[in-house]
Amino acid sequence: ATPTAVMVGTGVGASQGVLIKGGQALESAHKVNCIVFDKTGTLTIGKPVVVNTRLLKTMVLREFYELVAATEVNSEHPVAKAIVEYAKKFREDEENPAWPEAQDFKSITGHGVKAIVRNKELIVGNKSLMLEENISIPVDAEEILEETEGLAQTGILIAIDGELVGVLAISDPLKPGAGEVISILKSMKVRSIMVTGDNWGTANSIAKEVGIDTIIAEAKPEHKAEKVKELQASGYIVAMVGDGINDSPALVAADVGMAIGAGTDIAIEAADIVLMKSNLEDVITAIDLSRKTFLRIR
Ligand code: ADP
Ligand code: MG
């Protein structure tokens with residue numbers, strides 16, 4: 001393609017809300033034959049909500065949520081925000097919930113949080129956090145988790161003073177049109193893969209809903225980048241689509257990194273292409289534009 005054609009292509013992208021950072025990014029996009037998608041905030045809306053509370057012990061919901069929210073209010077994770085938002089419903093003054101003080105707050109990245117509230121030890125997070133903390137998981141909790149994950153929801157476990165007392169079901173639905181994007185990519189001979197820090201059960205259910213058959217769950221940021229490199233080593237030209245800080249290493253490693261416009265600044269910085277409208281369809285817009293520019297398709 002001539003420099004003029006590249007300039008035109010980049011300009012057309014910009015006018016459609018697809019920000020292409022330079023000619024190399026536009027060129028690489030037409031060779032892409034494999035896309036790695038982050039789950040939360042990329043394939044899903046990214047605004048999780050609490051949809052169910054299952055208590056394993058007799059407890060007053062108001063008191064349960066007071067302790068859990070006092071712990072989670074210190075975390076920036078979308079799951080934490082969902083829990084605090086839901087817990088407000090149990091306060092007299094929802095606008096000004098005035099949570100009790102939490103001491104010794106600790107955030108365990110990719111697992112959950114811990115704190116002392118009203119002299120009780122709270123642990124809130126996924127199953128692997130409970131196992132690390134030597135909290136035993138009773139059979140009924142295992143059953144609730146399985147059920148939750150089968151519904152494509154994430155189960156968050158709550159332990160108080162060393163005992164598992166509840167499971168929250170958190171739902172973060174797919175973006176509308178996500179399934180169509182995956183099937184159009186398939187027809188364009190582009191393979192789709194999903195990576196997520198969430199658990200395998202929930203990840204499998206979401207993947208099935210959206211029509212992706214290859215997934216990596218319980219992935220740390222470095223796993224996401226490793227997966228990209230592994231695909232490249234086996235001959236794929238790889239695009240990564242993500243929105244989070246934890247996607248940045250993979251966005252950099254990919255042949256084409258695409259960031260969701262509504263994502264974190266660090267992801268946008270790390271990407272070659274920014275989807276300003278945060279629409280998944282624009283992954284196809286970007287590849288199309290590149291194919292038109294470099295393959296001279298009309
Ligand atoms: P993702 O955002 O893709 O779910 P993360 O690595 O951020 O990936 O988190 C992985 C999992 O750890 C979450 O799905 C959740 O189960 C758990 N987790 C992380 N942070 C928290 C938190 N503040 N409270 C409860 N659970 C959490
Ligand atoms: Mg994400």
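The values are calculated or read from the model by the stated rules, or taken from the named source; none is laboratory data. All values derive from a computational prediction rather than experimental measurement. In this analysis, Cβ positions are derived from the backbone assuming ideal geometry, glycine residues included, and neighbour counts consider all displayed protein chains.
Just one of the numbered conditions (1) surrounded by 17 or more Cβ atoms within 10 Å (Cβ to Cβ); (2) aliphatic (A, V, I, L, M); (3) in the same structural domain as residue 117 (by TED's automatic domain parsing) is not true of residue 98: (1). Number of residues in segment 108-142 that are in contact (Cβ under 8 Å) with a residue 12 or more places away in the chain and in a helix (DSSP H, G or I) equals 7.
The set of residues from segment 110-123 being out of contact with any Pro (no Cβ under 9 Å at 6 or more places or on another chain) and either within 12 Å of ligand 1 (Cβ to nearest atom) or not charged (D, E, K, R) (or both) comprises 111, 112, 113, 114, 115, 116, 119, 122, 123. The numbered conditions (1) under 26 Å from residue 34 (Cβ atoms); (2) surrounded by fewer than 19 Cβ atoms within 10 Å (Cβ to Cβ) are all true for residue 198 except (2). Here residue 213 passes the criteria (1) under 24 Å from residue 72 (Cβ atoms); (2) surrounded by fewer than 21 Cβ atoms within 10 Å (Cβ to Cβ); (3) among the acidic types (Asp, Glu) except the one numbered (1). Tallying residues that are of a type in the set (Gly, Ala, Ser) and within 19 Å of residue 180 (Cβ to Cβ) within segment 42-73 yields 1. When residue 52 is tested against (1) surrounded by 15 or more Cβ atoms within 10 Å (Cβ to Cβ); (2) within 14 Å of ligand 1 (Cβ to nearest atom), just one condition goes unmet, and that condition is (2).
Considering only residues in segment 1-49 that are surrounded by fewer than 24 Cβ atoms within 10 Å (Cβ to Cβ), among the aliphatic types (A, V, I, L, M) and assigned to a loop (DSSP other than H, G, I, E, B), the one that is nearest to ligand 2 (Cβ to nearest atom) turns out to be 45. A Cβ distance below 8 Å, combined with a sequence gap of six or more or placement on separate chains, defines the contacts here; from segment 36-65, residues that are among the basic types (Lys, Arg) reach residues that are in a helix (DSSP H, G or I) and crowded, with 24+ Cβ neighbours inside 10 Å in the pairs 39/203; 39/206.
Could you please find all residues in segment 149-188 being charged (D, E, K, R) and either within 20 Å of the chain's Cα centre (by Cα) or outside any strand (DSSP E or B) (or both)? Before you say what the answer is, go through the steps one by one.
If we filter segment 149-188 for residues that are charged (D, E, K, R), which is where we start, we get 149, 161, 163, 172, 175, 180, 186.
If the condition is that a residue be charged (D, E, K, R) and either within 20 Å of the chain's Cα centre (by Cα) or outside any strand (DSSP E or B) (or both), then 149, 161, 172, 175, 180, 186 are the ones that fit.
Just to be sure I understand, how many residues within segment 55-82 are surrounded by fewer than 22 Cβ atoms within 10 Å (Cβ to Cβ), hydroxyl-bearing (Ser, Thr, Tyr) and closer than 29 Å to residue 242 by Cβ? Spell out the reasoning first.
Here is the first cut: in segment 55-82, the ones surrounded by fewer than 22 Cβ atoms within 10 Å (Cβ to Cβ) are 55-64, 66, 73-78, 81.
Applying the additional criterion that residues be hydroxyl-bearing (Ser, Thr, Tyr) yields 58, 75.
Applying the additional criterion that residues be closer than 29 Å to residue 242 by Cβ yields 75.
Qualifying residue count for the region: 1.
Just to be sure before I move on: is residue 197 within 12 Å of ligand 1 (Cβ to nearest atom) and in contact (Cβ under 8 Å) with a residue 24 or more places away in the chain in the structure I sent? Spelling it out, residue 197 is indeed within 12 Å of ligand 1 (Cβ to nearest atom) and in contact (Cβ under 8 Å) with a residue 24 or more places away in the chain.
Out of all the residues in segment 173-192, is one or more within 12 Å of ligand 1 (Cβ to nearest atom) and among the hydrophobic types (A, V, I, L, M, F, W, C)?
First, pick out the residues of segment 173-192 that are within 12 Å of ligand 1 (Cβ to nearest atom): none.
No, that holds for no residue.
Just so you know, in segment 193-240 the residues that are among the acidic types (Asp, Glu) and either away from ligand 2 (no atom under 15 Å from the Cβ) or in contact with an Asp or Glu (Cβ under 6 Å, 6 or more places away or on another chain) (or both) include one that is nearest to residue 177 (Cα to Cα), and it is 209. Does segment 56-65 contain at least one residue that is hydrophobic (A, V, I, L, M, F, W, C), at pLDDT 95 or above, within 16 Å of ligand 1 (Cβ to nearest atom) and under 19 Å from the mean Cα position of the chain (by Cα)? Taking every residue of segment 56-65 in turn, none turns out to be hydrophobic (A, V, I, L, M, F, W, C), at pLDDT 95 or above, within 16 Å of ligand 1 (Cβ to nearest atom) and under 19 Å from the mean Cα position of the chain (by Cα). Of the residues in segment 247-260, not one is surrounded by fewer than 24 Cβ atoms within 10 Å (Cβ to Cβ), in contact (Cβ under 8 Å) with a residue 40 or more places away in the chain and within 16 Å of ligand 2 (Cβ to nearest atom). If you go through segment 93-107 and pick out every residue that is of a type outside the set (Asp, Glu) and not in a loop (DSSP other than H, G, I, E, B), you end up with 5.
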